[in-house]
Protein chains: 2
Amino acid sequence: MSSDANLNSPDFSRNNGLLPAIAQDADSGKVLMLAWMNAEAYQETLRTGRGVYFSRSRNKLWYKGEESGHVQKVVQLLVDCDRDAILMRVRQQGAACHEGYESCFFSEVTANGLNIIAERLVNPDDVYNK
Amino acid sequence: MSSDANLNSPDFSRNNGLLPAIAQDADSGKVLMLAWMNAEAYQETLRTGRGVYFSRSRNKLWYKGEESGHVQKVVQLLVDCDRDAILMRVRQQGAACHEGYESCFFSEVTANGLNIIAERLVNPDDVYNK
């Protein structure tokens, strides 16, 4: 059965098979990141219980934390009313953002430009390309 | 100046000019919906202080609440580290979801299928096509 015929799953017939997936901290409610899932990434997320995405820049599956160790344990997975967006409530190891912030959404748009509203949790140089 | 040259704005040169925008309740932290913005929708969001999206199905700007009255007052607008996703903390009038739920993410994926985890706030028939 194709994904789009399965009313119990996200509808990967939409948006060229690549759906936006939000990761939200299960405890604080903070939105940590938005990334993309194809059907395979979704199935791997279900299978592993961890956030698995499709990297558009690398054009392959991205097991979140595979390099940094900053994995996401999925606590709850939701789809929206059109089944073309995914929301995961997660427990995040370390920092969700590759720039070392807890959340990728650390920049507020203001009349005077972007305002960084968070502190780095980790130094990216300590995490990547070691 | 084009949007993509403006480091203080979302980068609408990405994703074919249509970026995912998350609306989150500013008080409870609940994720209410995910929709899409082009540069014009973004500018209209800034101008009006309310959530304005681009409707892919209707192929035009969508002033959230224009029919239902369920407008979103924007409290804070954030971009992610790649400036290709938007997060808005909002105060939502009524229900964010056109199906009458507070949030569009009312369906949990479980081993036994989708599980509705919320109660309808309003009857869609009372809101639309009056």
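Computed from the coordinates by the stated procedures, all read-outs in this text should not be read as laboratory data. Predicted model, so just to flag it, every value in this text is computed and none were measured. Methodologically, a virtual Cβ is constructed for each residue, glycine included, from the backbone with ideal geometry; neighbour enumeration extends over all protein chains shown.
Would you kindly work out, in nm and rounded to one decimal, the distances from the label point of B:Asp126 to those of the same position in each other copy, ordered shortest first, with label points 7 Å along Cα-to-Cβ?
Once sorted, the set of distances for B:Asp126 reads 5.4 nm.
Once the label point is set 7 Å along the Cα-to-beta-carbon vector, what list of distances in nm do you get between B:Asn8 and its counterparts in the other copies?
5.1
Please state, rounded to one decimal and in Å, the Kirkwood hydrodynamic radius that the protein assembly as shown gives when every pair of distinct Cα atoms enters the mean of 1/r.
For the protein assembly as shown, inverting the mean 1/r across all distinct Cα pairs yields 18.7 Å.
Can you sort A:Lys60, B:Lys64 by how many other beta carbons sit within 10 Å, fewest first?
A:Lys60, B:Lys64
I need the Kirkwood Rh of chain A: take the reciprocal of the average 1/r across all distinct C-alpha pairs and report it in angstrom.
On the way: mean 1/r = 0.0648 Å⁻¹.
The answer is 15.4 Å.
Taking the Cβ of each residue in B:Cys97, B:Cys81 as the centre, tally the other Cβ atoms inside 10 Å and list the residues starting with the fewest.
B:Cys81, B:Cys97
Can you work out the FRET efficiency for the pair A:Asp125 and A:Thr48, with r the C-beta to C-beta distance and R0 = 30 Å, to the nearest 0.05?
After rounding to 0.05, the efficiency reads 0.60.
Arranged by the count of other C-beta atoms within 10 angstrom, fewest first, what order do B:Met33, A:Met88 take?
A:Met88, B:Met33
Which one, B:Gln76, B:Ile116, B:Leu87, is farthest towards the positive end of the dipole of segment B:43-121 when Lys and Arg carry +1 and Asp and Glu -1 on their Cβ?
B:Gln76
What is the minimum Cβ-to-axis distance for chain A, in whole Å, where the axis maps A onto B, and to which residue does it belong?
Nearest to the symmetry axis by Cβ: A:Gly29, 1.
Find out how many positive minus negative residues lie around B:Gln92, taking Lys and Arg as positive, Asp and Glu as negative, among other residues whose Cβ is under 11 Å from that of B:Gln92.
+3
Within 10 Å of each Cβ in B:114-121, how many Cβ atoms from other chains are there, averaged over the peptide?
Mean partner shielding for this stretch: 1.
Test of understanding: in a Gaussian network model of chain A with alpha carbons linked when under 10 Å, which of A:Asp82, A:Asp11, A:Asp25 would top the mean-square fluctuation ranking?
Checking each option, the largest mean-square fluctuation is seen for A:Asp82.
Pairs A:Lys30/A:Lys64; A:Lys64/B:Lys73; A:Lys73/B:Lys73; A:Lys73/B:Lys60: which are spaced more than 28 Å apart, C-alpha to C-alpha? Intermediate values should be presented prior to the final figure.
Values: A:Lys30/A:Lys64 18 Å; A:Lys64/B:Lys73 33 Å; A:Lys73/B:Lys73 32 Å; A:Lys73/B:Lys60 38 Å.
From A:Lys30/A:Lys64; A:Lys64/B:Lys73; A:Lys73/B:Lys73; A:Lys73/B:Lys60, over 28 Å: A:Lys64/B:Lys73; A:Lys73/B:Lys73; A:Lys73/B:Lys60.
Placing a label point 7 Å from Cα toward Cβ, how far apart in nm is B:Glu40 from its equivalents in the other copies, listed shortest first to one decimal?
3.7
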